[in-house]
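Undergrad: Structure below; questions to follow.
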Amino acid sequence: MLRTYYQNAEPTPNLSGLLSLKSLLKGWLHQLVEKVLLKRQIDHFQYIIGGPVYFQTIRTACQLDLFGLLTRKPGLTQQQIAQALKLEENPTKVLLLGCVSLKFLRKIGEQYYNAPFVSQYFSQQGQRSLIPTLEWMHQIVYPSMVHLYASVTQNEAVGLQVFPGNEDNMYARISHNQQLEHTFQTFMQARTQMSNADFVNAVDFSKFSRILDVGGARGENVVKIAQRYPSIQATVFDLPSVTQTALSRFRTEGLDHRLDAVGGNIFAETFPLGYDCILFCHFTPIWSESTNREMLRKAFTAVNSGGCVCIYAPFMEDDETGPLLSAIASPYFLCTVSGQGRHYSWQETKQWLIDAGFVNIAERRLRSSEGILIGIKPV
Ligand SMILES: C[S@@+](CC[C@H](N)C(=O)[O-])C[C@H]1O[C@@H](n2cnc3c(N)ncnc32)[C@H](O)[C@@H]1O
């Protein structure tokens, strides 16, 4: 009876063929999507789990200047690479396997070549070398980041313990260690150079005559501004160990008649007077919301009427979903640097400026989640 019912209900043979083809295709499509998506997800997990090993593989290759070697001599074999780098056979195999799997090298037959862009970013002579960033990661972030769990659960910079000293932030502690301060400042300078041409293009500094750059480091930003605006004068304010380098740089570049540098701790001193623009470049993510608010109130009092405060930093998206850069930097500020900071969103930073008294807040978005917020002190 049931069979008769189904037999009766069965569609015509043609339509049935079409339906089963459709469900077959649907199944294949489903499998394909699942495999592709799953593969990407598994790769993603693998990059996270293997992260420390992959990072050390590339850092080791950079230390040996493997990518520089293959820039000069593309197509070397494993044996030729081992000879040139003075390595034994087994470690050479291990290193090349890592670099090929990570797609930094291509192996064609028995010959090795740099993948596109590798020469530029990862050889020691590369024009946009990321090696200072790798060294900052290796010497500063890596040793301290093993304390992230403790930092998160205790809400303090437990990672600071890897830098001798009793100060409450990394900058003050590494000021006693020339090598680490050099590593940090070289990284920071290279990092800032990647976006500060855009920064200087995005702001009309011609309205200002005297600029104070708080935490201005080696003067990377004021030098760019001074080159573009020939009558501007500027002062870098940073820790004394850092301003020495800024001062000698200004002398070397013949800018010392317009640029100077003052050493001190901005939180222990009143803000210097007489400036019509105060810059905080990559400075606000270091500190807590309350410290930043207090700092902006002090800047508001100090800056000339009609002048401005300009915050140039990487920002977190307002909905707190990224970008990835914020997911690297925020744990770093929590665990390694100060135990207080992180990347802040556009919205919360704007609010600090408004609450400090600034008006006409302007926003400029640059590449790679960097941006600028400017607030004017009313006349
Ligand atoms: C993340 S770096 C930013 C450097 C520079 N503004 C740039 O955009 O490349 C922060 C700088 O703030 C300085 N700094 C940290 N604490 C400071 C303090 N209490 N007073 C003045 N400068 C400080 C550090 O020495 C460092 O040069």
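Undergrad: What do you get when you divide the Cα radius of gyration of segment 115-227 by 2.2 N^0.38 Å, with N the number of residues? Before the final figure, lay out each step's value.
TA: Numbers: Rg = 17.3 Å, N = 113, 2.2 N^0.38 = 13.3 Å.
With N residues counted in segment 115-227, Rg over 2.2 N^0.38 Å equals 1.30.
Undergrad: Helix 13-49 sits at what angle to the longest principal axis of the chain, using alpha carbons and giving 0 to 90 degrees rounded to 10?
TA: Taking the Cα atoms of the chain, the angle to 13-49 is about 40 degrees.
Undergrad: Using θ = phi - 60° and the Karplus curve 6.51 cos²θ - 1.76 cosθ + 1.60, what whole-Hz ³J(HN,Hα) does each residue of segment 352-360 get, with Gly and Pro shown as x?
TA: 4, 4, 4, 5, 6, x, 6, 10, 6
Undergrad: Something else: Which sequence of Lys86, Lys93, Lys26, Lys350 reflects their accessible areas, 1.4 Å probe, from the largest down?
TA: On the way: Lys86 175, Lys93 95, Lys26 150, Lys350 45 Å².
The ranking, largest first, comes out as Lys86, Lys26, Lys93, Lys350.
Undergrad: Could you work out what % of the accessible surface of the chain is carbon and sulfur, using a 1.4 angstrom probe and leaving DNA, RNA and ligands out of the count? Each step should come with its number before you reach the end.
TA: Details: 11720 of 20580 Å².
Roughly 57 percent, rounded to a whole number.
Undergrad: Can you tally the lysine pairs in the chain where the Cα-Cα distance is under 20 Å and the two residues are eight or more apart, or on different chains?
TA: For the chain, qualifying lysine pairs total 15.
Undergrad: So for Leu85, Leu296, what's the accessible-area order with a 1.4 Å probe, most first?
TA: Working: Leu85 25, Leu296 0 Å².
Output order, biggest surface exposure first: Leu85, Leu296.
Undergrad: Please list His182, His282, His343 from largest to smallest accessible area, probe radius 1.4 Å, with all protein chains kept in place. Write out the running numbers ahead of the final one.
TA: Working: His182 110, His282 30, His343 5 Å².
The ordering from most to least exposed comes out as His182, His282, His343.
Undergrad: May I ask you to derive the relative contact order of the chain, considering only C-alpha pairs under 8 Å and at least 6 residues apart, and to give it as an integer percent?
TA: On the way: 568 pairs, mean separation 46.9, N = 379.
Result for the chain is 12 percent.
Undergrad: Let me ask something else about it. How far is it, in nm, from the label point at His176 to the one at Ala202 when both lie 7 Å from their Cα along the line to the Cβ?
TA: Between His176 and Ala202, the simple spin-label model gives 3.8 nm.
The values are calculated or read from the model by the stated rules, or taken from the named source; none is laboratory data. Quick caveat, the model's predicted, so the values are computed rather than measured. For neighbour counting, all protein chains shown are included, and Cβ atoms are generated from backbone atoms with ideal geometry for every residue, glycine included. SASA here: full protein model, heavy atoms, side chains in, ligands and nucleic acids out. Shrake-Rupley method; radii C 1.70, N 1.55, O 1.52, S 1.80 Å.
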